[in-house]
Amino acid sequence: MPVTVKTFTSTNEAAAALSSDRSARYLGGGTLVMRALNEGDISISTVVRASDHALTRIDTGGSRITLGAGVTYARILADRDLGFLHAPARSIGGPAVRNMGTVGGNLFAPNPYGDFTVAMLALDAVVSVQGGLGSREVPIEEFLQSRDRQAGTLVLAISFAKPGNAEAFRYRKIARIKPKGGAVITLAAYLPVNGSRIVGARVALGSMAPTPIRARAAERALEGRSLDASTIDAAAAAAVEGTSPSDSAIASAWYRREIVSVHLKRLLSGQE
Ligand SMILES: Cc1cc2nc3c(=O)[nH]c(=O)nc-3n(C[C@H](O)[C@H](O)[C@H](O)COP(=O)(O)OP(=O)(O)OC[C@H]3O[C@@H](n4cnc5c(N)ncnc54)[C@H](O)[C@@H]3O)c2cc1C
């Protein structure tokens, strides 16, 4: 089936083209879209692109970091200011995927993908989207909860507060094919400390639900406490609460539920 490619210089025009055609898909790095087209996905009849440079901009200058939706993992890995994001960027695919794949596309990547989005969720990012009716900012958790309804909106950028202390951010991906396979599970945590107490704990999990989710019960176990052995045990024990993993070729739902507390404990303990 023929596919029409529409390239626009402005994000306004690209967003309008996306919102007016249900069979149109935005083309980021194309690592998933092109695979779908090559496999004969006939639900896509138009591919939309935008060449606006704002989509590939990285801004680390202020108190917030902004990543244009078209920023690739290779760009993140080349940026010293984004050192704390190198672990999630490095954990994605091989060099070809990291050269093409974008942070915007990762927001839509189904399980076992979406590793970078798990990191963004732990950092409580905000997603800037542009639809037919204009642009708005959506908290990432809300964005993910309504992801199926986001088809037809253009993601412009993802932004988040710069971590005061890069060590407060932690990331861990469990894969059967080391180091780059699809995830059994993915974990990220942001644990800012005030004095010796954690204030504003955020824990995010990938492949434990249809989209990346916050581990709220684990966060409650961490909040206001120091990161000692009993706090870590309590958070790890609560990790599985609220999750709904699926069986897949990579791992069963049962296995994912079994290991999530083990790996949260390792993440919080700073173990490799
Ligand atoms: C071999 C291989 C290995 C992979 N390994 C991993 C991995 O380890 N971890 C992982 O997380 N992912 C992995 N992926 C999946 C994928 O490469 C990444 O998730 C990547 O970030 C997707 O980004 P993209 O720009 O290539 O998306 P695209 O293929 O361009 O798009 C994917 C979806 O997102 C939508 N989209 C993209 N950008 C925008 C935007 N700005 N606005 C609105 N919609 C948009 C597209 O319309 C499409 O629906 C792998 C893929 C392959 C082929």
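The values are calculated or read from the model by the stated rules, or taken from the named source; none is laboratory data. As the structure is a computational prediction, the values presented were derived from the model and not from experiment. All Cβ positions, glycine included, derive from the backbone under ideal geometry; neighbour counts span all protein chains shown. For accessibility, only protein heavy atoms count, side chains too; no ligands or nucleic acids. Shrake-Rupley method; radii C 1.70, N 1.55, O 1.52, S 1.80 Å.
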What is the dipole size for the stretch 26-110, taken about its Cα centre, with +1 at each Lys and Arg Cβ and -1 at each Asp and Glu Cβ, in debye to the nearest 20?
-> 180
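Charges only on Cβ, +1 for Lys and Arg, -1 for Asp and Glu: so what's the dipole of the stretch 54-161 about the Cα centre, in debye to the nearest 20? Please report the intermediate quantities before stating the final value.
Working: 9 positive and 9 negative charges, 53 e Å.
I would put it at about 260 debye.
Quick one: length gained pulling V3 to R176 fully straight, 0.36 nm per residue minus the C-alpha distance?
Working: separation 173, 0.36 × 173 = 62.28 nm, distance 3.59 nm.
The V3-R176 span can extend by a further 58.7 nm.
First select every other residue whose beta carbon is under 10 angstrom from the beta carbon of A236; then total the charges, Lys and Arg +1, Asp and Glu -1.
Value of the local net charge: +1.
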Which value in nm describes the separation of the simple spin-label points at D124 and S246, placed 7 Å from the Cα toward the beta carbon?
-> 3.0
In degrees, nearest 10, range 0 to 90: what is the angle between the Cα axis of helix 253-269 and the longest Cα principal axis of the chain?
-> 60
Area accessible to solvent at F8, 1.4 Å probe radius, in Å² = 40
Label zone at D148, where the point sits 7 Å out along the Cα-to-Cβ direction: the stretch 185-223 residues whose backbone N lies under 20 Å | 206-214
Among I65, S135, L82, the residue whose Cα sits farthest towards the positive end of the charge dipole of the stretch 58-205 (+1 at Cβ of Lys and Arg, -1 at Cβ of Asp and Glu, taken about the Cα centre) is L82
Whole-Hz Karplus ³J(HN,Hα) for the stretch 113-128, in order, using 6.51 cos²θ - 1.76 cosθ + 1.60 and θ = phi - 60°, x for Gly and Pro?
-> 9, x, 4, 5, 5, 4, 5, 5, 5, 5, 8, 6, 5, 10, 9, 8
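Nothing charged except the Cβ atoms of Lys and Arg (+1) and of Asp and Glu (-1): what's the magnitude of the dipole of the chain about its Cα centre? Round to the nearest 20 debye.
Working: 31 positive and 23 negative charges, 81 e Å.
Dipole about the Cα centre, nearest 20: 400 debye.
Students often get this wrong, so check it: of K173/K265; K178/K265; K6/K180, which have C-alpha atoms separated by over 25 Å? Numbers along the way, then the final one.
Numbers: K173/K265 13 Å; K178/K265 21 Å; K6/K180 33 Å.
Over 25 Å Cα-Cα: K6/K180.
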